[in-house]
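The values are calculated or read from the model by the stated rules, or taken from the named source; none is laboratory data. Computed from a predicted structure; not experimentally measured. Counting neighbours? That spans all protein chains shown, and the Cβs are built from the backbone with ideal geometry, glycine included.
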Amino acid sequence: MTVPGLFSDTALITPRLRTEVPGPRSRALHERRLRVVPRGVGSVLPVYIEHADGPWVTDVDGNRFLDLGSGIGVTTIGHTNRAAVTAAADQLDRVTHTLFTVTPYEGYVHLAELLAAHTPGDHEKRTMLANSGAEAVENAVKIARRHTGRRAVAALDHAFHGRTNLALAMNHRAVPYGAGFGPFAPDVHRVPNSYPYRDGLSGAEAAARTIGYLEQRIGAGDLAAVIAEPIQGEGGFVVPADGYLPALQEWCTRHGVVFIADEIQTGLGRTGTWFASEHFGLVPDLVLTAKGIAAGLPLAGVTGRAEIMDAPDPGGLGGTFGGNPVSIAAAVAVFDELAEGEFFADAARIGAHLRARLTELASRHRIIGDVRGIGAMQAFELSEPGTTRPLAGAATAIAEFAAQRGILLLTAGSDGNVIRFLPTLTTTDAQLDTAVSVIDDALAALG
């Protein structure tokens, strides 16, 4: 379990604001930033972080914020987790880099063994490592195409898979991710997903609709892969109806289509299991990891069935920094921490507590149309009362209100009307209560 971090403030309950938000030092840094960083690299909240510990981040002005986004799901086991930091620091003293495809090292092999052991299914597996989630997506598609000899790829409505060219073609939202960046990769198709709050369909009904699109608009004989987030992240933490994903996977298996689970945001303990696929009885052909895998250091992986992963020829997969030894050391520490089991229990605790508190909020604030999620991945959707029509601007207003009171929230949803919670698994119930109280005030202010 986590040893207390450098700043020993993990058990505190309330944020601490010493200046206005953003404070003078953050504002000065932001002025410097505007002179040298392009505007496309935006900032939701221009407060500049100096140090972090557990669920807390502290900015250069000494303001301490409760971070309920954890780097969009990256620091799942807590900021500056001692085990991960120590492992990475120790590795820095030994080897910082050699190219694995030229002069390999044990850490890569060990992490591949861990991923083989903990991803769903007991079939023989292989893993390749990369730097980011988008790289994992790109490589998974390459592998699926090479294995099947087919070109077409299908992604679901409301999906988000990254910011590289192929991933942009797979994303649901053009603005801001893809606008003006075309032409995009061909042979990418988007098909309906399961969105129970909006479509009211059962899992079987939603799967039949998706499969109908796949068969009629693409054709199974031309389809290399279907990629799906078990719980959609940027799309608004959409949890599919029961039975939807297994039915989709069964269709893929029957037609020789590779089923790819994008577990970049949902994996590694976030939902209370190693991977969110487990909640749905799903055994994907390929599983993608990134974000929380290395506790804040850049690393990603594609893990899958041996016969699929072995399809590319030697030299067809790789990259200069893919599987960096320092990031791998941190990742092995993350697996060791999760294997103890306490973090899985924390994810379940956080999910139950937060769901209850958000459901209570929904009973008093009619603009909360839906509360959903699994484990420490919860959200509420804001709609015009009595409808499922998105309530424009409300999520941003709530996040801004909360930031001024020391609570960092993330918005989400294809319509920008969802507040999502990705707290570190070190977050206490009392800290969650503090955040929910602030959100209650924000909702009241919205009227």
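Things to note:
- Scope the stretch 37-52; condition surrounded by fewer than 12 Cβ atoms within 10 Å (Cβ to Cβ) and either at pLDDT 95 or above or on the phi > 0 side of the Ramachandran plot (or both); matching residues: PRO38
- When the stretch 227-244 is limited to residues that are among the charged types (D, E, K, R) and within 20 Å of LEU268 (Cβ to Cβ), the one that is surrounded by the fewest Cβ atoms within 10 Å (Cβ to Cβ) turns out to be GLU234.
- Qualifying residue in the stretch 247-264 (condition: among the acidic types (Asp, Glu), within 23 Å of the chain's Cα centre (by Cα) and crowded, with 21+ Cβ neighbours inside 10 Å): yes
- Residues of the stretch 52-100 classified as among the hydroxyl-bearing types (Ser, Thr, Tyr) and more than 25 Å from TRP274 (Cβ to Cβ), total: 3
- Checking GLY272, GLY267 one by one, the residue that is touching a Phe, Trp or Tyr at 6+ places or on another chain (Cβ under 8 Å), surrounded by 24 or more Cβ atoms within 10 Å (Cβ to Cβ) and not in a strand (DSSP E or B) is GLY267 and no other.
- Scan of the stretch 275-308 for residues that are small (Gly, Ala, Ser), in a loop (DSSP other than H, G, I, E, B) and within 22 Å of GLU234 (Cβ to Cβ), ordered by number: ALA290, ALA295, GLY296
- Of everything listed in (1) buried (at least 18 other Cβ atoms within 10 Å of the Cβ); (2) closer than 19 Å to ASP441 by Cβ; (3) touching a Pro at 6+ places or on another chain (Cβ under 9 Å), the single unmet condition for SER383 is (2).
- Check on ILE374, more than 22 Å from the chain's Cα centre (by Cα), surrounded by fewer than 23 Cβ atoms within 10 Å (Cβ to Cβ) and not assigned by TED's automatic domain parsing to the domain that holds ALA295: no
- Matching option when the condition is of a type in the set (Lys, Arg) and under 23 Å from the mean Cα position of the chain (by Cα), among ARG349, ARG364: ARG349
- Here ASN417 clears all of (1) among the polar types (S, T, N, Q); (2) under 23 Å from ILE49 (Cβ atoms); (3) in contact with a strand residue (DSSP E or B) (Cβ under 7 Å, 6 or more places away or on another chain) except the condition numbered (2).
- Qualifying residue in the stretch 383-404 (condition: part of a strand (DSSP E or B) and touching a Phe, Trp or Tyr at 6+ places or on another chain (Cβ under 7 Å)): no
- Flag if ILE374 is within 30 Å of HIS110 (Cα to Cα) and in contact (Cβ under 8 Å) with a residue 60 or more places away in the chain: yes
- Matching residues, the stretch 59-68, being of a type outside the set (Asp, Glu) and crowded, with 21+ Cβ neighbours inside 10 Å: ASN63, ARG64, PHE65, LEU66, LEU68
- Residue list for the stretch 30-70, filter: among the basic types (Lys, Arg) and not in a loop (DSSP other than H, G, I, E, B): ARG32, ARG33, ARG35, ARG64
- ARG27 vs. criteria over 21 Å from GLU400 (Cβ atoms), outside any loop (DSSP other than H, G, I, E, B) and free of Cβ contacts under 8 Å to residues at least 24 places away in the same chain: no
- Among the residues of the stretch 405-431, those that are part of a loop (DSSP other than H, G, I, E, B) and crowded, with 24+ Cβ neighbours inside 10 Å comprise LEU409, ASN417, LEU422, PRO423, THR424, LEU425, THR426, THR427.
- You will find that of ALA295, ALA300, the residue that is closer than 30 Å to ARG146 by Cβ, assigned by TED's automatic domain parsing to the domain that holds ILE264, crowded, with 22+ Cβ neighbours inside 10 Å and within 18 Å of the chain's Cα centre (by Cα) is ALA300 and no other.
- Count of residues meeting criterion [in a helix (DSSP H, G or I) and in contact (Cβ under 8 Å) with a residue 60 or more places away in the chain] in the stretch 105-133: 10
- Any pair with Cβ under 8 angstrom, 6 or more apart, that starts in the stretch 405-417 at a residue that is assigned by TED's automatic domain parsing to the domain that holds VAL438 and ends at one that is among the polar types (S, T, N, Q) and modelled with pLDDT under 95: GLY406/THR14
- Any hit, the stretch 317-326, residues being at pLDDT 95 or above, surrounded by 23 or more Cβ atoms within 10 Å (Cβ to Cβ) and in a helix (DSSP H, G or I): no
- Of the residues making up the stretch 327-342, those that are assigned to a helix (DSSP H, G or I) and among the small types (Gly, Ala, Ser) are SER327, ALA329, ALA330, ALA331, ALA333, ALA339.
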